[in-house]
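Notes follow the structure.
The values are calculated or read from the model by the stated rules, or taken from the named source; none is laboratory data. Quick caveat, the model's predicted, so the values are computed rather than measured. When we count neighbours, we look across all protein chains shown, and the Cβ atoms used for this are built from the backbone with ideal geometry, even at glycine.
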Amino acid sequence: MTALALLATNALLLALLFVALWLITLKTRDVTPVDSVWALGMVALGAASYVQTGGDPGRKALLLGLCALWGVRLGGYLLWRWRHHGPDRRYVTMFGKAKEAKGWGFGEASARMVYLTQAPLLFIVCLPVQLGQIDPAPSVGLVGMVGAAVAVVGIAFETIGDWQLVRFRADPANQGKVLTTGLWRYTRHPNYFGDACTWWGLYLIGAESFTGLWALPGPVLLTWTLMKWSGVPTIEGRLKRKKPGYEDYVRRTSGFVPWWPKG
């Protein structure tokens, strides 16, 4: 199968998935589950690529296995968070502003501002797991093993960061406080850093093959999104307004890559 044929087929599968999810959320009036589909959808594309391609078996298994480990863990966590905390306030605020400023109803606002944005982003970010499975040679080498190690570190980093945050928030004594211990002592966003590491690692695995080299826009776009668009800026803007000690935490703590705190 050529890269173009694979990507066209996967794009159609992803479009069908997002249309189905949009139709469901028209009934529930809550798009929060799309965050889980962000992760689980990449697993679906990875599995679809595995079935369609005849690439090196070792590389295919490594890419799909690590993608599944990352996606099922993150998707399951986001589903749990939704079930316990309800609709994401970011979407509630977004749709409220869209209705007030543009007169968009829920269906139009969710289609334009969520599904038509996230589907292309998901597809591009997932390029390493799609394109990396096409070529029958070479087998996984040193660069691929380094990539696997980076991806495992990223998954572990993100998982531990999320676990530490859940424990912190579960304690009523921490109401209004800022988490500054554990991984959060060294970076303000260990979950985002882990996410980026995972996908740079997956890119390195795929990039040992010629076709996989062309997947570079995936990790680049994800890193930019996390650091400059919908990740860090969105979270930090809200925390600076709501948590008095957050400004001091920002001054002392690395914004993304883990590093020793100042002072």
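Things worth noting here:
- Filter result (surrounded by 19 or more Cβ atoms within 10 Å (Cβ to Cβ) and touching a Ser or Thr at 6+ places or on another chain (Cβ under 9 Å)) within the range 50-62: G55, D56, R59, K60
- Hits in the range 213-252 - residues which are part of a helix (DSSP H, G or I) and in contact with a Lys or Arg (Cβ under 8 Å, 6 or more places away or on another chain): V232, T234, E236, Y246, E247, Y249, V250, R251, R252
- Considering residues of the range 87-105 that are more than 20 Å from the chain's Cα centre (by Cα) and part of a loop (DSSP other than H, G, I, E, B) only, the residue surrounded by the fewest Cβ atoms within 10 Å (Cβ to Cβ): G103
- Considering residues of the range 145-179 that are polar (S, T, N, Q) and modelled with pLDDT under 95 only, the residue surrounded by the most Cβ atoms within 10 Å (Cβ to Cβ): N174
- Every listed requirement among (1) among the hydrophobic types (A, V, I, L, M, F, W, C); (2) modelled with pLDDT of 95 or more; (3) not in a helix (DSSP H, G or I) is met by V51 save one, (3).
- Looking only at residues of the range 1-47 that are of a type in the set (A, V, I, L, M) and assigned to a loop (DSSP other than H, G, I, E, B), we find that the one that is nearest to the chain's Cα centre (by Cα) is V31.
- Test: residue in the range 234-244 that is of a type in the set (A, V, I, L, M) and surrounded by 20 or more Cβ atoms within 10 Å (Cβ to Cβ): no
- Flag for T198 being part of a helix (DSSP H, G or I), on the phi < 0 side of the Ramachandran plot, surrounded by fewer than 21 Cβ atoms within 10 Å (Cβ to Cβ) and of a type in the set (S, T, N, Q): no
- Residues of the range 175-195 classified as part of a loop (DSSP other than H, G, I, E, B), hydrophobic (A, V, I, L, M, F, W, C) and touching a residue at least 24 places away in the same chain (Cβ under 8 Å), total: 1
Yes/no per residue for (1) among the β-branched types (V, I, T); (2) touching a His at 6+ places or on another chain (Cβ under 8 Å); (3) modelled with pLDDT under 95:
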site: M1; (1), (2), (3): no, no, yes
site: A11; (1), (2), (3): no, no, no
site: L14; (1), (2), (3): no, no, no
site: L17; (1), (2), (3): no, no, no
site: L21; (1), (2), (3): no, no, no
site: T28; (1), (2), (3): yes, no, yes
site: P33; (1), (2), (3): no, no, yes
site: L40; (1), (2), (3): no, no, no
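Residue-wise test of (1) touching a Lys or Arg at 6+ places or on another chain (Cβ under 9 Å); (2) under 22 Å from L63 (Cβ atoms); (3) of a type in the set (S, T, N, Q); (4) assigned to a helix (DSSP H, G or I).
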site	(1), (2), (3), (4)
G107	no, no, no, yes
A119	no, yes, no, yes
Q130	no, yes, yes, yes
M145	no, yes, no, yes
A151	no, yes, no, yes
I155	yes, yes, no, yes
T159	yes, yes, yes, yes
L165	no, no, no, yes
A173	no, no, no, yes
